[in-house]
Amino acid sequence: MLPAVPQLPVLRQQFKDGKAQLTDHFKASRPTTSGATRLLRGLARHVDDTLSALWQQHGLPALAPGGALVAVGGYGRGELFPHSDVDVLVLLPGESTEAHPARDAVAAFITACWDIGIECGSSVRSVAECVAEARRDVTVQTSLLEARFVCGGRKSFDGLRRTLREAMDARAFFTAKTLEMKQRHVKHESTPYALEPNCKESPGGLRDLQVVIWVARAAGYGRTWAELAGHGLITPFEAQQLLKHEGTLKLIRARLHAMAGRREDRLVFDLQTAVAESFGLESTKGQRASEALMHRYYWAAKAVTQLNQILMLNIEERLMGVEKAPMRPITIRFFDRGGVLEVAHDDIYARDPHAILETFLVFAQTPGLQGLSARTLRALYNARNVMDAHFRRDPANRRLFMEILRQPSGQTHVLRLMNQTSVLGRYLWVFRRIVGRMQHDLFHVYTVDQHILMVVRNVRRFFIPEHAHEYPFCSQLAAEWDKPWILYLSAIFHDVAKGRGGDHSELGAHEVRQFNREHGVAGEDAQLVEFLVRHHLTMSHLAQKGDLSDAEVIRGFARLVATPRRLNALYLLTVADIRGTSPKVWNAWKGKLLEDLYRLTLRALGGAQPDTHAEIEARKAEARQILALHSALPGTEEPLWKTLEVSYFARHDAAEIAWHARALWRHLNSATPVVSARPSSVGEGLQVLVYSPDQPDLFARICGYFDNAGFSIQDAKIHTTRAGYALDTFQVVSTLVAGDDDGEIDHRSLISLVETQAAAALAAKGPLPEPRRGRVSRRVRSFPVIPRVALAPDERAQRWLLTVSASDRSGLLYAVARVLAAHHVNLQLAKVTTLGERVEDTFLVDGPELQKPKAQLRIESEILDAVS
């Protein structure tokens, strides 16, 4: 019969009060790493005491003589985060625990743990069973590696430790943990710079430090950073840095648990601001409190990533005997040892600081090198103080840096290595300021430094024949470009002034002008680099917001770029930049808009004066040829074309004009809406033609249909014929219909659905339905965009340009369209730009209401209310 446990309610209250007291004191105290350490150790001791009391109360010393309660996993380290699981091993004597007489008492003990509020992960094993399970499962082996005695029979515990130590195969364990770490890194995007990093599991998180201790402990090299230093695996300085960054990560994780009130190891958007404020961080004009917190986290994670790489390579070399591998000399200072670059002497950088940048030049120039050795990484890490102002001003170093950029290949890998080893930020001090700087603008998914290096990579790929299939037109332009280094340099500086509170394009242009002076970049090259940095956003903004059918718009852009060479460079940098913000931002439609702007501007730069009449006649002739290929009778197009203004032919290409004529020749006087759809000619999505007797709320009804049907409008061209019909063309993408296993969508059924449903929706009478308040993402909720609406006359004061910027959500465009319809504002052109989770919509509008200042204010105010 099991002994009664009358003290359980009392113990439950004691445990709850003790834990609350420790956590509340931590939350109320100034955030320090020593305070976090006291909390973690205090919680572990508190759980130790509670479990020991439960062990006694359940009579386990008598029922299982020689049995022991063992802390394993994270709890085994003697540190416990506020909401972490408590992993324990109940170690029972004998060969097997299957029929052990104490099993019922053990089950009751574990149930009592949960009853009093300890979230207990438990296992019940004998020593033999522990060893057998450890051989089968490296996770169990790792957990037992950190076993710590809590109470019971010390002799059994010591026997377990001794048996596990004898059974350990350090090499096999190292290999298993290395593979496990790589898999974990892949799962967490292989970057310490994720938007919502897991401060335990992500690259650069606490787990990366624990892996080092595990493999070192398995090999007998030590259990603490001090012991590893004693075995010569790390220097005293590295041990100090490891303790510092480990403390930062523990402090952030402990604060995260405390603020969330639950087990939460991800720095999710919803909690970043609260955690930042618990650190005493405040938002400023140039930086949110959450961005300051993430900057701190990313710096620690980056350092942990560096140190993890150094130590894992060092342990591997010592454990596997790789350090004895033969070396092939490259220069007097450097060797190739099994595909990694090895320095000739540990103090090479202290003796000659020029060797720091020479390391990366040699790496770029030597085929077959895959990385830097542990010795080289350590030498670079310990040479950081050598890279001071004198180092940055040294003419030899400036020549070396420019030589790296001018190499025929290798820039992507080299610049990433320079950033990982902190050399890039210490040489380019302006770059150091944006390392680990997050951009909470809803479309960048990388920190500024990672985005910049992604843009460099994208530019570099334009020059590599193997990647020509990705962007054939960019590769074609790159093949004719003589100085790739100009584009690499522009990419490095284009966003380098982010986060200062001013216009980062202008500030970046100032920074690169100074760089050019210091590094001997002069003449046209210097002017081009500065131009690219200053105007790296111009082409994208104009392509996505401007009316490219307006000859004056093209002439203005041509005057800005001035030469075909500048246009080519700006086009290549713009494509690389957009591609480097987020995988979701680029699409074929944006690509077409940019290429259209490029070709129109190149024609203007060639001296060809825009001849609208000749251009339109050429389009008509091409459209007639397309119609003939589709067996249309001669003259089929004329009845429709006679009703259309010149602006229609200026805004549509020949293929669209021919498609419209084929679709509408039988329906010119239709009393009901006509809808025709086809797969988009520029990639994903559909082109949808709507032809209907015009009415003030027609555009709003169309937007309402697309919103309800799960389509996102990317572009709209709006025309009204002389006969009073609306002829509107939309570029749409389905947000609901998924493709097959290969990502292909059945366009035929989708087209039939749209043509039937849209026509019925437009024929419906009655007032416009209220817009849906679409759900917004967590990211938008945490970092909302302040809605902005601007209404201004165009350059010729004939029409008005309405721009709307807001957080993206379903129903947004429909909400804007309803306001325009209510005020009888006519829409001529709509460009919908989605940047991640932010939208920037541009509308070309006219109407009598826009001539009245009070009515303008009303319209702007109502649109703001609609998008808020």
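The values are calculated or read from the model by the stated rules, or taken from the named source; none is laboratory data. Because the structure is predicted, anything quoted here is derived from the model rather than measured. Reconstructed Cβ throughout: ideal geometry from the backbone, glycine too, with neighbour counts over all protein chains shown. The area values use the complete protein model at the heavy-atom level, side chains included, leaving out ligands, DNA and RNA. Shrake-Rupley method; radii C 1.70, N 1.55, O 1.52, S 1.80 Å.
Reported to the nearest whole Å, the Cα centre-to-centre distance from the range 518-547 to the range 236-268 is 41.
Here the range 497-564 is treated as a sphere whose radius is the Kirkwood value from Cα pairs; by Stokes-Einstein at 4 °C and 1.567 mPa s it diffuses with a coefficient of 96 µm²/s. Seen from H541, the other residues with C-beta closer than 11 Å to its C-beta sum to a net charge of +1, counting Lys and Arg as +1 and Asp and Glu as -1.
Please work out the FRET efficiency for the pair D846 and H510, using the Cβ-Cβ distance as r and a Förster radius of 56 Å; give the result to the nearest 0.05. That gives a FRET efficiency of 0.90. Computed over the Cα atoms of the range 234-307, the ratio of the radius of gyration to the Kirkwood radius (Rg/Rh) comes to 1.03.
If the viscosity is 0.890 mPa s and the temperature 25 °C, what translational diffusion coefficient in µm²/s does Stokes-Einstein give for the range 1-140 when Rh comes from Kirkwood over Cα pairs?
Details: Rh = 16.2 Å.
The diffusion coefficient I find is 152 µm²/s.
Ranked by the mean number of other Cβ atoms within 10 Å per residue, highest first, peptides 413-425, 342-354, 148-160 order as 413-425, 148-160, 342-354. Taking each residue as 0.36 nm, the span from M320 to N385 lengthens on full extension beyond its C-alpha to C-alpha distance by 20.2 nm. Fully extending the segment from Q7 to E166, taken as 0.36 nm per residue of separation minus the present Cα-Cα distance, adds 53.1 nm.
Per-residue counts of other Cβ atoms within 10 Å, averaged by peptide: what ranking do you get for 468-479, 704-715, highest first?
Top to bottom by mean Cβ count within 10 Å: 704-715, 468-479.
Placing +1 on the Cβ of every Lys and Arg and -1 on the Cβ of every Asp and Glu, with no other charges, gives the chain a dipole of roughly 1860 debye about its Cα centre. Of the solvent-accessible surface of the range 383-462, computed with a 1.4 Å probe over protein heavy atoms with every protein chain present, carbon and sulfur atoms account for 49 percent.
Full extension of the chain segment joining R38 with I332 gains 100.8 nm, where the gain is 0.36 nm per residue of separation less the Cα-Cα distance.
Evaluated at 37 °C with a viscosity of 0.692 mPa s, what Stokes-Einstein diffusion coefficient in µm²/s does the range 269-408 have when Rh comes from the Kirkwood expression over alpha-carbon pairs? Rounded, D is 186 µm²/s.
The largest-to-smallest principal axis extents of the Cα set in the range 383-531 are 44, 39, 29 Å.
Expressed as a whole percent, the proportion of Cα-Cα pairs in the range 533-625 lying more than 17 Å apart is 51%. The range 188-238 gives an Rg/Rh value of 1.10, both radii derived from C-alpha positions and Rh following Kirkwood. No solvent, one uniform scatterer per C-alpha: report log10 I(q)/I(0) for the range 140-183 via the Debye equation at q = 0.16, 0.26, 0.33 1/Å, two decimals. Those come out to -0.51, -0.94, -1.21, one per q. Rounded to the nearest 0.05, what FRET efficiency do K16 and E227 give with R0 = 35 Å and r taken as the Cβ-Cβ distance? Could you check? That pair, K16 with E227, gives E of 0.40. For the modelled label position 7 Å from the Cα of H469 along Cα-to-Cβ, which residues of the range 567-600 have backbone nitrogen atoms closer than 19 Å? Backbone N within reach: 588. If you take all other residues with their beta carbon under 14 Å from the beta carbon of H613, and give Lys and Arg +1 and Asp and Glu -1, the sum is -2. Using only the alpha carbon atoms of the range 10-76, find the Kirkwood hydrodynamic radius as the inverse mean reciprocal pair distance, in angstroms to one decimal. One decimal place: 13.6 Å for the Kirkwood radius. How many nm separate the modelled label positions at S29 and T111, each set 7 Å beyond the Cα in the direction of the Cβ? If labels sit at S29 and T111, their model points lie 3.8 nm apart. Seen against the Cα atoms of the chain and their longest principal axis, helix 747-763 is set at about 60 degrees.
With a threshold of 21 Å on the Cα-Cα distance, the over-threshold entries among K592/K831; K642/K717; K19/K155; K642/K831; K590/K831; K545/K590 are K19/K155; K642/K831. Per-residue packing, averaged as other Cβ atoms within 10 Å, sorts the ranges 557-566, 481-490, 9-18 into the order 481-490, 557-566, 9-18, beginning with the highest. By the rule of a second cysteine Cβ within less than 4.7 angstrom, the chain holds isolated cysteines at C130, C151, C199, C474, C703. R0 = 25 Å: FRET efficiency of D394 with A344, Cβ-based, nearest 0.05? My answer for the efficiency is 0.70.
In the range 223-344, a dipole from Cβ-located charges (positive for Lys and Arg, negative for Asp and Glu) runs towards its positive end, and of G232, M312, S290 it is S290 whose Cα lies farthest in that direction. Taking only the Cα atoms of the range 112-175, the ratio Rg/Rh comes out at 1.02, with Rh defined as the Kirkwood radius.
Taking the range 692-709 and a reference point 7 angstrom along Cα→Cβ of R858, the backbone N atoms nearer than 18 Å belong to 696-697. Using the Cα coordinates of the range 152-231, the gyration tensor eigenvalues translate into equivalent-ellipsoid semi-axes of 29, 14, 14 Å, sorted from longest to shortest. Annotation: the range 266-308 has a Kirkwood hydrodynamic radius of 10.9 angstrom, from the mean reciprocal C-alpha pair distance. The local environment of A239, defined by Cβ-Cβ distances under 11 Å, has a net charge of -2 under the rule Lys, Arg +1 and Asp, Glu -1. Using Cα-Cα distances under 8 Å and only pairs 6 or more residues apart, what relative contact order does the range 50-203 have, in percent? Relative contact order comes out at 27 percent. Extent of the range 62-156 along its three principal axes (Cα atoms, max minus min coordinate, largest first): 35, 31, 21 Å. Helix content alone sets the calculated 222 nm mean residue ellipticity of the chain: runs of n ≥ 4 DSSP H residues at -39500 (n - 2.57) each, divided across all residues, give -17000 deg cm²/dmol.
Rg and Dmax over the alpha-carbon atoms of the chain stand at 33.4, 104 Å. The residues of the chain expose on average 44 square angstrom of accessible surface per residue, using a 1.4 Å probe on protein heavy atoms.
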